[in-house]
Ligand code: UFG
């Protein structure tokens, strides 16, 4: 059985769908602090999913799950992921993302489970020295969120050396879009991400969409990011797990599309997709946003056989359908 921590959350739940569609038996472990019980109920209707509510910060919670089921591997998403919040409340990030993961890894060693796929981030690279960013780009995070993810990457290396625990680290760029059948989607409270915020502003007149700065050193002055579709990303997790089973070798991969889109380009694409003009206001830069980030994901393609199949328009269309459902439109 595959244990998916954080499987009630955004990327986790889409990965659960991918694994159950491929015939795996999945246990979701989630404390529901940012994930949703409604998502679990939907996942149970889709396929063979068992839910165990628990918190990685309590080692007994996780130990009970390992005692109860025969677990082959972990896909580990459970984490807090808001950069701004991590700056004002670093303890929350170290306690949950680092200490919680330490509990998980120690429990894996005790129960002799030696495979994990870990959800990391391009935030571990910090301010880019060059683009596209490949896996050997220096890692100098500029916020506690990135530090917490990099610390876990280092812990994974140490646990491999000491106990032969094998890991695949996946560093995502900007994840976007929702389930193509509109059953699950991106549901963060508060929502901070670009595409869902544009979509919310269409339905909620109190939520005018704001572009954070148009004076960056980019062709149209707005930040450039690499938007990778969540279903493509979910597929990468399964390919990574199957690669780990074949090779029993730890490795690390960037996951992005290798294409950059500016905030204005994404906004224009959203207007085209919904065939409507959307109100927008240009405001000050948001602190900590690098001007340009996009990936070199050639390694994921050549080693895992992963190629992103969906376009940014696919991500926008599915995000729009999901937002309509949330607003009962
Ligand atoms: N943006 C806006 N208005 C909004 C929301 C975002 O202009 O309402 C802009 C941001 O300033 C940024 C771009 O849209 O230039 C993308 O912002 P997101 O918040 O969607 O994504 P980030 O690039 O900040 O964050 C993502 C992940 C993080 C990860 C980070 C690494 O969500 O988990 O990449 O840089 F840490």
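Rule-based calculations on the coordinates, nothing more; no lab input. This is a predicted model, so every value here is computed, not measured. In this analysis, Cβ positions are derived from the backbone assuming ideal geometry, glycine residues included, and neighbour counts consider all displayed protein chains.
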Checklist outcome for this item: Classified through the alpha carbon gyration tensor (a ≥ b ≥ c as square roots of its eigenvalues; rounded if a/c is under 1.5, else prolate when a/b is larger than b/c, else oblate), region 8-112 comes out oblate
Checklist entry - Compactness ratio of region 66-145: Cα Rg over 2.2 N^0.38 Å, N = residue count? => result 1.31
Checklist outcome for this item: Of 224, 62, 282, the most mobile residue in a GNM of the chain (C-alpha springs, cutoff 10 Å) is 282
Item to check | Cα gyration tensor shape of region 119-167, rounded if a/c is under 1.5, else prolate or oblate by comparing a/b with b/c | outcome: prolate
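How high is the relative contact order of region 37-192, in percent, with contacts defined as C-alpha pairs under 8 Å that are six or more residues apart? All intermediate terms of the calculation are to be shown ahead of the outcome.
Values: 182 pairs, mean separation 37.4, N = 156.
Relative contact order, region 37-192: 24 percent.
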Next on the checklist: Angle check, please: helix 100-110 long axis (alpha carbons) against the longest principal axis of the chain (alpha carbons), in degrees 0 to 90, nearest 10.
Outcome noted: 30 degrees
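Hey, what did region 84-166 get for relative contact order, percent, Cα under 8 Å, at least 6 apart? Kindly include the intermediate steps, with their values, before the conclusion.
Details: 76 pairs, mean separation 32.1, N = 83.
Averaging sequence separation for qualifying contacts and normalising by length gives 39 percent for region 84-166.
Pull out the extension gain between residue 50 and residue 203, defined as 0.36 nm times the separation in residues minus the alpha carbon to alpha carbon distance; nm, one decimal.
Extending this stretch completely gives an extra 51.6 nm.
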Next on the checklist: How large is the convex hull of the C-alpha atoms of region 1-56 per residue, in Å³?
Outcome noted: 61 Å³
Checklist outcome for this item: Tilt, helix 312-326 to longest principal axis of the chain (alpha-carbon atoms), in degrees rounded to tens, equals 90 degrees
Checklist entry - Among 170, 102, 233, which one shows the biggest mean-square fluctuation in a GNM of the chain, springs joining Cα atoms closer than 10 Å? => result 102
Checklist outcome for this item: Once the mean of 1/r over all distinct C-alpha pairs in region 51-105 is inverted, the Kirkwood radius in Å reads 12.2 Å
Next on the checklist: Which residue fluctuates most in the GNM of the chain (Cα springs below 10 Å): 91, 79, 176?
Outcome noted: 91
Item to check | Prolate/oblate/rounded label for region 182-288 (Cα gyration tensor, a/c 1.5) | outcome: prolate
Checklist entry - Arranged by the count of other C-beta atoms within 10 angstrom, fewest first, what order do 216, 163, 241 take? => result 163, 216, 241
Checklist entry - If you count the DSSP beta bridges with both ends in region 153-287, what percent of them are antiparallel, to the nearest 5? => result 15 percent
Checklist outcome for this item: Cα convex hull volume per residue for the chain, in Å³, equals 125 Å³
Checklist entry - In what order do 187, 306 fall by count of nearby beta-carbon atoms within 10 Å, going from fewest to most? => result 187, 306
Item to check | Between 0 and 90°, nearest 10: helix 194-203 axis offset from the chain longest Cα axis | outcome: 60 degrees
Item to check | Percent RCO, i.e. relative contact order, over the chain, from Cα pairs under 8 Å lying at least 6 residues apart | outcome: 19 percent
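Can you sort 136, 180, 119, 262 by how many other beta carbons sit within 10 Å, fewest first?
136, 180, 262, 119
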